[in-house]
Amino acid sequence: MLAGCSAWPEEFAKLYRREGCWRGETFGSMLRERAKVYGDRIAIVSGERRISYAELDARTDRLAEGMKRIGIRPKDRVVVQLPNVAAFFEVIFALFRIGALPVFALPLHRRHEISYISEFSEAKAYIITDREAGFDYRELAREVIREVPTLDHVLVVGEPEEFVALEKLYMEPETGHEADSCKENEKAERADDPSQLTKSKLRSREEFEEVGSSMAEPRPEDVAFLQLSGGTTGLPKLIPRTHDDYIYSLRLSAEICGLDENSVYLAVLPAAHNYPLSSPGVLGTLYAGGRVVLARGASPEEAFPLMIRERVTITALVPPLALVWLDAAARIKPSFPHLQVLQVGGAKFSAEAASRVKSLLGCQLQQVFGMAEGLVNYTRLDDPDETIINTQGRPMSTWDEIRVVDDEDVEVKPGEVGHLLTRGPYTIRGYYKAEEHNARAFTSDGFYRTGDLVRIDAAGYIVVEGRDKDQINRGGEKIAAEEVENHLLAHPGVHDAAVVAMLDEYLGERTCAFIIPKPTVDSLPSSAQIRAFLTDRGLAAYKIPDRIEFLDSFPKTKVGKVSKKALRELLAEKQRC
Ligand code: OOB
């Protein structure tokens, strides 16, 4: 296994293989197999582009060759920050084929997050799009490469400016000819001289073939990629997922969601999130031989026509988006004759909203309670309405082990609320290079402490009751309070800072920062100044506090720690006024 990752103990690995959870597949072989079976059938629809399985497979191969030519090797880390475009999947499958590891960044991440994960993972390359949603990622790349010495390459989907166009890597090295039959997505300018591809890294064909042939195929037990954790600490944590464990999770997800080659999955959430990637998401749909439709925006105006045109059968939303869709559906009464399942997850979906899904959208609701660390729970499609509306589902695998415990790690009585611990065939045994944190985040026998407070009903279904982790769940986007607090503390006018969740009708939660100003500072910094300061530090916009309150001191717990509970109560009082 990759250095810095925790493998499953051998007896568990044996068990998961014996029980058929881990079947020895890799993502590279999975796509090859699907291309053999489904050849000309469409795998991905992105705007006007329709890419067949065979084409996806062939383009992935060419891209993998191009990446090897510029020096991407097995186990190299490559930060991928792309919106929902077809290149996202060509890139990750190419990296999987090489045995290099995508490190998934979210489109909303900015200098602080990208520099940190690039540096921490010692990434060799950073793959971006040129512009998206009014933001120029090349400008971000310019800042990031100044801070991260390991980054040899910036590859750009679209107009590369001084960087390298990803499209050039699909070309044959000697001729400079594009080896691609799907030309409409290519940019006009192409290098006649392939040595233009990168300043120094392009190898001759001989050298490349020699290096290429010495590269071992990735193995199923190898780490396939690193994903970002929602985080509870000052610095984001990276989650290593293996081919074996991740493919198991998406195979099972596809089964539970009834996917087959006639399924059409609409991806409206950013595909780098674990939920739209694998629950069953894009990868589960490809596993089942279905069709993935990529949406650039999630609004009903964009998504509804696409649902009808592409005969979408399943899609996945976070609760705030589901509310917007339900309101729009109540207004315009659309008809989605093909839609079978609407998944809602990532944050708690209210029973009230859940009960409106079937009548307004004409499909079954499926609640999804999962985490990038592994465990995913689903309500089943044939569950009674009451279960679907009031619970967050049950674990997808019979090999998922669940414990609900009190503060002393003793199991609570059935039906009582406690901390959810879990281990299983697709739940990690440790974060990447985080030994100290792992000792706290996992029990000594390998259970992951999810930080969620849950109860389990008589039928074994989980109801999420709250959270004991220091995190804000802002409509599905996770924010580690400590990370934002550390940035606030760097402000010269801030003496102390505490970030808490603030209840919000639409997003479920927003963030509020309580600040004690430095007594030595003449004038109090304004909320706007503090926000601008955080933005300047390169923090993603969704982490910037929605509300800022100034206090002279913080309420304390009996042991002298800042009482976030008291701060939340204070906030609720202020909200009532
Ligand atoms: C998903 O993954 P993450 O890693 O962004 O966030 C995980 C956390 C959970 O520990 C829980 O606190 C919260 O998000 N959460 C929910 C929930 N789904 C996730 N809380 C209440 N109700 C739900 N339905 O969010 C994720 C990963 C895979 C599938 C679905 C969601």
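One table, with the values for the structure above:
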item	result
Qualifying positions in segment 329-352 - over 20 Å from L259 (Cβ atoms) and surrounded by 17 or more Cβ atoms within 10 Å (Cβ to Cβ)	A329, P334, A347, K348, F349
Whichever residue in segment 368-405 is of a type in the set (S, T, N, Q) and touching a Pro at 6+ places or on another chain (Cβ under 9 Å) and, among such residues, is farthest from the ligand (Cβ to nearest atom)	S397
Options V404, V376; residue that is hydrophobic (A, V, I, L, M, F, W, C), within 20 Å of the chain's Cα centre (by Cα) and crowded, with 16+ Cβ neighbours inside 10 Å	V376
Any chance V268 is among the aliphatic types (A, V, I, L, M), in the same structural domain as L375 (by TED's automatic domain parsing), more than 22 Å from Q367 (Cβ to Cβ) and surrounded by 20 or more Cβ atoms within 10 Å (Cβ to Cβ)	no
Filtered residues of segment 254-279 (kept if touching a residue at least 12 places away in the same chain (Cβ under 8 Å), within 18 Å of R380 (Cα to Cα) and more than 10 Å from the ligand (Cβ to nearest atom))	A254, I256, C257, G258, L259, D260, S263, Y265
Flag for A329 being more than 16 Å from the ligand (Cβ to nearest atom) and of a type outside the set (D, E)	yes
Pairs, first in the same structural domain as P492 (by TED's automatic domain parsing) in segment 502-518, second part of a strand (DSSP E or B) and aromatic (F, W, Y), C-beta under 7 Å, six or more apart	I515/F550; P517/F550
Subset of segment 379-401 [under 25 Å from the mean Cα position of the chain (by Cα) and among the charged types (D, E, K, R)]	R380, R394, D400, E401
Pairs where the first residue, in segment 541-561, is under 28 Å from L507 (Cα atoms) and the second is part of a loop (DSSP other than H, G, I, E, B), C-beta under 8 Å, 6+ apart	A541/L108; A541/R110; Y542/L108; F550/L524; F554/S563; P555/S563
E408 being without any contact (Cβ under 8 Å) to a residue 24 or more places away in the chain, assigned to a helix (DSSP H, G or I) and either more than 10 Å from the ligand (Cβ to nearest atom) or under 26 Å from G430 (Cβ atoms) (or both)	no
Of residues in segment 464-485 being in a strand (DSSP E or B), in contact with a helix residue (DSSP H, G or I) (Cβ under 7 Å, 6 or more places away or on another chain) and more than 9 Å from the ligand (Cβ to nearest atom), the one nearest to I388 (Cα to Cα)	R474
Close pairs from segment 113-127: first in the same structural domain as L151 (by TED's automatic domain parsing), partner assigned to a strand (DSSP E or B) and among the charged types (D, E, K, R), Cβ under 6 Å, at least 6 apart	S121/R77; A123/R77
Scan of segment 411-422 for residues that are small (G, A, S) and either surrounded by 15 or more Cβ atoms within 10 Å (Cβ to Cβ) or free of Cβ contacts under 8 Å to residues at least 12 places away in the same chain (or both), ordered by number	G418
Flag for F369 being aromatic (F, W, Y) and under 26 Å from R23 (Cα atoms)	yes
Meets criteria (under 20 Å from N274 (Cβ atoms) and in a helix (DSSP H, G or I)) for N438	yes
Among the residues listed as A35, A64, the single one being part of a helix (DSSP H, G or I) and in the same structural domain as R131 (by TED's automatic domain parsing)	A64
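So that you can scan it fast, the table gives a plain yes or no per residue for (1) away from the ligand (no atom under 15 Å from the Cβ); (2) touching a residue at least 40 places away in the same chain (Cβ under 8 Å):
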position: H243; (1), (2): yes, yes
position: L252; (1), (2): no, yes
position: A288; (1), (2): yes, no
position: L306; (1), (2): yes, yes
position: R311; (1), (2): yes, yes
position: P319; (1), (2): no, yes
position: L339; (1), (2): yes, no
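Residue by residue, here is whether (1) closer than 18 Å to F27 by Cβ; (2) within 17 Å of the chain's Cα centre (by Cα) holds:
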residue: L238; (1), (2): no, yes
residue: T242; (1), (2): yes, yes
residue: S249; (1), (2): yes, yes
residue: A254; (1), (2): yes, no
residue: A272; (1), (2): yes, yes
residue: S279; (1), (2): yes, yes
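The rows are residues; the columns are (1) surrounded by fewer than 17 Cβ atoms within 10 Å (Cβ to Cβ); (2) outside any strand (DSSP E or B).
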site: P492; (1), (2): yes, yes
site: A513; (1), (2): no, no
site: A528; (1), (2): yes, yes
site: L539; (1), (2): no, yes
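The values are calculated or read from the model by the stated rules, or taken from the named source; none is laboratory data. Since the structure is predicted, the reported quantities are computational estimates derived from the model, not experimental observations. All Cβ positions, even for glycine, are placed from backbone atoms using ideal geometry, and neighbour counts span all protein chains on display.
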